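The values are calculated or read from the model by the stated rules, or taken from the named source; none is laboratory data. Here the structure is a predicted model, which is why all the values come from computation and not from measurement. Quick reminder, even Gly has a Cβ in these numbers, built from the backbone with ideal geometry, and neighbours come from all protein chains shown. Surface accessibility is based on the protein's heavy atoms, side chains included, excluding ligands, DNA and RNA. Shrake-Rupley method; radii C 1.70, N 1.55, O 1.52, S 1.80 Å.
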Amino acid sequence: MRRLLLLGVTAFCLCACITADTQPDRQGDKSLPEKDGVLQLKKGNFNRALRKHKQLLVHFYAPLSGDGHRVSAAFEGAAAELQGSEVKLAMVDVSQEKDLAKELNATGPPTLRLYLSGDKHNPVPCPVPKNSASILTWLKRRAGSPTDLITDLSQSESSDELQVVGLFKDLDHNYVQVFYAAAVDLPDVSFVVTQDKELISKYGVTYDVVLLLQKSKLIQAYKMTPQTSKEELIVFITVYQMEPVTEYNGQTASQILTSPVMNHALLFANKSSEDFNEIHAAFYSAAKSFRLKVLFVFVDVDEPRNGRLLEYFRVRVSEAPLIRLVNLTNHVTYHLPSDTLDAETIKKFCQSYLEGKAKPKMQSEPIPEGWDEQPVKELVGMNLEKVAFNPDRTVFLMLYLPYSQRSRALFPLWEELAEAFKDQEEVVIARIDASANDINLVLQESYPALCFFPALHAERVVVYTGKRTLKDLVKFVEKEMKKAKKERVKEDEDREKYIEAMKAEDAKKANETKDEL
């Protein structure tokens, strides 16, 4: 009897679990708060929202971000238009939901993702929209096909807005698919597909070409090839959307920083200076020769809102006009070494940079007094190479940003590490302010970065990527020192052989000279 009772209870519990799993979560539905038609999600209700909505477009935002505020406004406008559709819009405040943002890897700038059929791990990235129309266009194009872009061009050819026109002979060709893929990723741009023969004679082009038109004027044409990718087409469109020179301001900052062109030439100048027009004209002329390779940006040093940019590049107003080149991938900066800013000089500078011949600009703070008296040595650009590449010293260097919480949080651990090696004079534990000193090292790591310089004649750098605990750091240093010690023996032997060979060569030449005499 007791056994039957237990079996009955077990069966009841099993049925209850199955019922709870298969029936809608009615209580959960009530706990999905909305504001202006947009779900306000948290870690506790995110999965529930995924289960409920077949298409869930989520904006991960930070309240104090300018872009975040703009996208939030666009979301509210789009939510009203999408009432009753399969798509539901939602927002997650990453400043409050840090664990959820970390779990979903959404901790960067404004992030928009479309989750389909409850799939939490494979969302579709959505371009950051300018307005609600951008969101609606993206959703429509994503669900549509190239035939949706076929239209009568004569009705919109004279539009003030830039139009991207795909002139194709065969609408079933792969070129059209590549063109449409670019259209999906650029919802703020007007795209048209046409087979209109009149465009061939009007603009002097052939079929299978992409035209950029504005007010019936041809801005640029791009000939499609079998190798043309969506990414290449997007670069072409986004570059020619902009003027050859773009002034940096609040409206253009996002466009500049998100440009697919990673090489940026920046002209720091004062708009009110007597020679501004001449210098800007030279800069503009040079820019035309480097479209798709270098993005040319003008920064007005007399504009107070550009102060942070000047600070980042360590440019003083009194130094203007000057030109800097920077790659946004590695952030290495190059300075045009000339007081003459004519078009030819600027072109030569850009070309030398692209060919890898230009030398990076090394900036440095003054060497601080007593820089080597504390357990952690304070390096600057001026003494970095002398200390780090000393063949008789093992150097472990932290590259930090003084305004970064992550950097400052590592300071106590770095002090402990220095204390652990205080009795070994050959070991130097040091740090350097990466924001105030240009460091000619190619790093893939974000700051704070940890770089190990072994005691070798060869200038070698090992980037530490392990756990940041005292035990692991000490273990790493000791392991690398043992490895370097073995390499140093061979290095010294090779150097000794080289010196002996040079002595023998000198002696041979000396004997030959005697014989001649």
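Which whole-angstrom value gives the distance between the alpha carbon centres of the range 280-347 and the range 94-117?
Centre-to-centre (Cα) distance: 35 Å.
Please work out, to two decimal places, the log10 of the ratio I(q)/I(0) at q = 0.16, 0.27 Å⁻¹ from a Debye calculation in which every Cα of the range 302-376 carries one identical scatterer.
Here log10 of I(q) over I(0) equals -0.74, -1.32.
So, for the range 100-156, what is the accessible surface per residue at a probe of 1.4 Å, expressed in square angstrom?
Per residue, the range 100-156 has an accessible area of 55 Å².
For Lys479, list the lysines whose Cα falls under 24 Å from its own Cα; do not include residues on the same chain fewer than 8 positions away.
Excluding near neighbours in sequence, the set is Lys377, Lys386, Lys422, Lys467, Lys471, Lys490.
Which whole-number value in Å² is the accessible area per residue of the range 221-270, probe 1.4 Å?
Averaged over the residues of the range 221-270, the accessible area is 44 Å².
At 222 nm, what value in deg cm²/dmol follows for the chain if DSSP H runs of at least 4 each add -39500 (n - 2.57) and the sum is divided by all its residues, to the nearest 500?
-12500 deg cm²/dmol
What is the diffusion coefficient of the range 32-124 in µm²/s, taking the Kirkwood radius over Cα pairs and the Stokes-Einstein relation at 10 °C with a viscosity of 1.306 mPa s?
After rounding, the answer is 122 µm²/s.
For mean projected area of the Cα convex hull in nm², the choices are [x] 35.1; [y] 32.9; [z] 42.8; which was calculated from the structure?
[z]
Size of the dipole of the chain about the Cα centre, Lys and Arg at +1 and Asp and Glu at -1 on the beta carbon, nothing else charged, in debye to 20?
Taking the Cα centre of the chain as origin, the dipole is about 2180 debye.
Below 19 Å, Cα to Cα, which aspartates and glutamates can Lys215 reach? Residues fewer than 8 away in the same chain don't count.
Asp152, Glu157, Asp160, Glu161, Asp188, Asp196, Glu198, Glu243
Among all the lysines, which ones have a C-alpha under 17 Å from Lys35's C-alpha, if same-chain residues fewer than 8 places away are not counted?
Reachable lysines: Lys88.
At 1.4 Å probe radius, can you tell me the per residue accessible area of the range 354-408 in Å²?
Ligands and nucleic acids excluded, the result is 61 Å² per residue.
Excluding Phe168 itself, calculate the net charge of residues whose Cβ lies under 11 Å from the Cβ of Phe168, where each Lys or Arg counts +1 and each Asp or Glu counts -1.
Every neighbour counted, the sum reads -3.
Which whole-number percent is the relative contact order of the range 170-256 (Cα, under 8 Å, 6+ apart)?
Relative contact order comes out at 26 percent.
Calculate what fraction, in whole %, of the accessible area of the chain sits on carbon and sulfur atoms when a 1.4 Å probe is rolled over the protein chains.
So the carbon and sulfur contribution to the accessible surface is 50 percent.
Relative contact order of the chain: what whole-number percent is it, with Cα pairs under 8 angstrom and at least 6 residues apart?
Dividing the mean separation by the residue count of the chain yields 7 percent.
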